[in-house]
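These notes are about the structure you will find just below.
The values are calculated or read from the model by the stated rules, or taken from the named source; none is laboratory data. Here the structure is a predicted model, which means the values were calculated and not measured. Cβ placement follows ideal geometry from the backbone for every residue including glycine, while neighbour counts extend to all protein chains displayed. The area values use the complete protein model at the heavy-atom level, side chains included, leaving out ligands, DNA and RNA. Shrake-Rupley method; radii C 1.70, N 1.55, O 1.52, S 1.80 Å.
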Amino acid sequence: MTNLEATITERRRQTRNSIYQYLFYSDTSHSKLEIASDLSLSLPTVHQNLTELIEAGLIRRDGTYQSTGGRRAMRLTIAEYARFAVGVSVTDNGLRFVAANLRMQEIACKKTERLAISEIDDVGRLLANELESFLDEFGLNRSSLLGVGITLPAVIDPDNENIRLAPTLHLKDISLKKIIQYINYPVYVSNDATSAGYAEWFSSPEQSSMAYLFLESGVGGAVLLKGAPYFGVNQRSGEFGHMCVEPNGRPCKCGKYGCLEAYISSARISDDLGISIEEFFKGLQNKKPEYEALWQDVLKHLAIGVNNIRMALDCDVVIGGLIAMYMEPYMPELRRLAAQLNTFETNGDYLKLCHYSRSAATLGVALHFIREFIESI
Ligand SMILES: [Zn+2]
């Protein structure tokens, strides 16, 4: 192919891609005419590209517009089931699999039992086997699978080859290869909070900057600046769980004292009271004094944490993870406590609750392949 031909082909691809992305990012379906007018393309160009995209099974018809006399205009949208991606989260509570279509809708989901693994090599085999049975169980077509994203509560090396530290999984300096080597599909590995934050940012209408605070049995987070994750020099940005909020305070799993995680993680709640998170919030609703006292302490430290994040980054702070599933009734109180600490603001309106609760990390890591696909069309 000559250079000129390559340029023309690439330009044609860009046009096709702009039409696909226009439909992908639209909330509603559109007619040919709307596409041509909004993208400043000629009708024949739009027609030609749409024909190709429909033939490839990537765009579908979505009914017709009300007739204004003459032929009714066809509505078009993306074929959301044309491909799918799988997200897997590896936690001390087991493996969680989610398959998501191109619209990030869950099409299948499965959870395994708590991991009783002595060798990290076993996790790799188990993951690959469970993945295959997940695909079989839900009749998912492997030829439409874009890739498998894996999230871990771990600090992962910038070159994505090693797990540096994963306190809740009791792992340190382990090669990622041991976990992914048995998987026969494209694989992408990411920190769980980073993935969850990415999914939240993608689903937010403004898609501007945000900090994401991930409350699970450990506490992590993510920073997204105008849509791009900010990883930090050592891949440790958003490690909000290890901000010190009480000098010489409660011991943290990282080995230090007084970390935010030691106060606000779900593990703190269940360890202190010896109950599950569900039981805790049920008891809290029934105003059990012991639970209320602990919860006040959680909220107090959570408010310190979110106010510190707000002071450092001056953007929305989104709360996600396991605890976020139960947070809604307590958000006004949390906003009040955070506002009390704030030098510049009298309310805590910047504090938001997540859009995805349980599946944020798995959806977020699957989104890596979905976005890659959308950009490649
Ligand atoms: Zn810590």
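Remark: accessible surface ordering of VAL298, VAL187 (largest first) is VAL187, VAL298, probe radius 1.4 Å.
Near the amide H of ASP316, within less than 5 Å, lie the amide hydrogens of ALA211, all on another chain or at least 5 residues away, with H placed in the peptide plane. Largest GNM mean-square fluctuation across LYS288, LYS300, LYS172, computed for the chain with C-alpha springs under 10 Å, falls on LYS288. The convex hull drawn around the Cα atoms of region 76-149, when projected onto a plane and averaged over every direction, covers 5.1 nm². Helix-only arithmetic for the chain: the sum of -39500 (n - 2.57) across DSSP H runs with n ≥ 4, divided by the residue total, places the mean residue ellipticity at 222 nm at -12500 deg cm²/dmol.
Quick check on the chain: of the DSSP beta bridges with both residues there, what percent are antiparallel, nearest 5%? Walk me through the numbers on the way to the answer.
Numbers: 34 of 52 bridges.
About 65 percent, rounded to the nearest 5.
Could you pull out every whole DSSP H run in the chain that spans at least 15 Å of Cα extent along its own axis and averages -1.0 or higher on the Kyte-Doolittle scale? Provide the component values of the computation, followed by the final result.
Working: long enough: 3-24 (31 Å, -1.06); 43-55 (18 Å, -0.01); 120-137 (25 Å, -0.09); 192-203 (17 Å, -0.31); 289-313 (36 Å, 0.12); 331-341 (16 Å, -0.06); 360-376 (24 Å, 0.89).
Helix filter hits for the chain: 43-55, 120-137, 192-203, 289-313, 331-341, 360-376.
Summarised as an ellipsoid, the chain has semi-axes of 41, 26, 20 Å, derived from the eigenvalues of the Cα gyration tensor scaled by 5 and square-rooted, with the largest first. Here the peptides 92-98, 44-50 are ranked by packing, the mean other Cβ count within 10 Å, and the order with the highest first is 92-98, 44-50.
Note on the chain: GNM, Cα springs under 10 Å; of PRO247, PRO332, PRO153, the largest mean-square fluctuation is that of PRO247. Panel values: region 242-285, Kirkwood radius from alpha carbon pairs, Stokes-Einstein at 25 °C and 0.890 mPa s, translational diffusion coefficient 225 µm²/s. In region 3-78, Rg over Rh equals 1.01, where Rg is the alpha-carbon radius of gyration and Rh the Kirkwood radius from pairwise Cα distances. A protection proxy built from the mean count of other Cβ atoms within 10 Å ranks the segments 173-183, 213-223, most packed first, as 213-223, 173-183.
Which net charge results when you count Lys and Arg as +1 and Asp and Glu as -1 among the other residues whose beta-carbon is under 13 Å from that of ALA85?
Here the count lands on +1.
For the chain, a Gaussian network of Cα nodes joined below 10 Å ranks LEU41, LEU165, LEU294 by mean-square fluctuation, and the top entry is LEU41.
Using packing as a proxy for protection, rank 2-10, 347-355 so that the peptide with the highest average count of other Cβ atoms within 10 Å comes first. Could you put the intermediate results ahead of the total?
Working: 2-10: 9.4, 347-355: 18.0.
Result, highest mean Cβ count within 10 Å first: 347-355, 2-10.
Please say if region 275-377 is rounded, prolate or oblate, where rounded means a/c under 1.5 for a ≥ b ≥ c the square roots of the C-alpha gyration tensor eigenvalues, and otherwise the choice is prolate for a/b larger than b/c and oblate otherwise? It comes out oblate by the Cα gyration axes. Within straight-line reach of LYS352, meaning a Cα separation under 22 Å, sit the following lysines at least 8 residues removed in sequence or on another chain: LYS226, LYS300.
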